[in-house]
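Novice: Handing you a structure now.
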Amino acid sequence: QVQLVESGGGLVQAGDSLRLSCTASGRTFRRYTMGWFRQAPGKERDFVAAISWVSGSTDYADSVKGRFTISRDNAKNTLYLQMNSLKPEDTAVYYCAATSRSYATNQDIYDYWGQGTQVTVSS
């Protein structure tokens, strides 16, 4: 069982940066592939980024490549999402998620979810 708590969301202007954090409970955080997903108003939840617990490899949605960076600190049981050059279309509730699979970008594969943190980007 893993419990996830996101933080770091807020209201920013276009072009600004934010860093989201996701703190996990439990001693096996290092054995979970972690992902970030987001859901904009009236839209489905979409994949943003993922980081494998096996290889440390990362993957990003095309819409955030070059602007967002996913990372993890296993010693702190914390996942991060550094978001730069934010755009109004990045406005969404951001969720972190965990799966024991070696790698996954499909949200259906993820077993544990946080409650989400709101990111609002004004133009």
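Novice: Please list, in chain and number order, the residues 5+ apart from GLN3 or on another chain whose amide H is under 5 Å from its amide H, with Hs placed from the backbone.
Specialist: SER25
Novice: Using the Karplus curve 6.51 cos²θ - 1.76 cosθ + 1.60 with θ = phi - 60°, what ³J(HN,Hα) values do you get for each residue of the stretch 35-41, in whole Hz, with x for Gly and Pro?
Specialist: Those phi angles translate into x, 10, 10, 9, 9, 7, x Hz.
Novice: I've got another one for you. Mind putting a number on the dipole of the chain about its Cα centre? Charges go on the C-beta only, +1 for Lys and Arg and -1 for Asp and Glu, and I need it in Debye to the nearest 20.
Specialist: It comes to approximately 380 debye.
Novice: With a ≥ b ≥ c taken as the square roots of the eigenvalues of the C-alpha gyration tensor of the stretch 1-42, please select rounded if a/c is under 1.5 and otherwise prolate if a/b is larger than b/c or oblate if it is not?
Specialist: Taking the square roots of the gyration eigenvalues as a ≥ b ≥ c, the stretch 1-42 is prolate.
Novice: Can you list the HN-Hα couplings for the stretch 15-32, worked out from phi with the Karplus curve (6.51, -1.76, 1.60; θ = phi - 60°), rounded to whole Hz and with x for Gly and Pro?
Specialist: Values per residue, Gly and Pro as x: x, 6, 10, 9, 10, 8, 10, 9, 9, 10, 8, x, 9, 10, 3, 5, 9, 10 Hz.
Novice: Right, next: If you average 1/r across every pair of different Cα atoms in the stretch 11-123 and take the reciprocal, what Kirkwood value do you get, in Å?
Specialist: 14.0
Novice: Turning to a different aspect of this structure: Give a residue-ordered list of calculated ³J(HN,Hα) values for the stretch 118-123 (Karplus: 6.51 cos²θ - 1.76 cosθ + 1.60, θ = phi - 60°; whole Hz; x for Gly, Pro).
Specialist: 7, 10, 10, 10, 8, 8
Novice: Leaving out ligands, DNA and RNA, and with a 1.4 Å probe, what % of the accessible surface on the chain is carbon or sulfur?
Specialist: Here carbon and sulfur together make up 43 percent of the probe-accessible area.
Novice: Report the relative contact order of the chain, percent, no decimals, based on alpha-carbon pairs under 8 angstrom and at least 6 residues apart.
Specialist: The normalised contact order for the chain reaches 37 percent.
Novice: Let me ask something additional. Straight-line reach from LYS87: which lysines have a Cα under 21 Å away, not including same-chain ones fewer than 8 places off?
Specialist: Cα-Cα hits under 21 Å: LYS43, LYS65.
The values are calculated or read from the model by the stated rules, or taken from the named source; none is laboratory data. Quantities reported herein were computed from a predicted structural model and do not represent experimental measurements. With ideal geometry, Cβ positions are generated from the backbone for all residues, glycine too; neighbour counts draw on all protein chains shown. When the accessible area is computed, the model is the full protein with side chains, heavy atoms only, and any ligands, DNA or RNA have been set aside. Shrake-Rupley method; radii C 1.70, N 1.55, O 1.52, S 1.80 Å.
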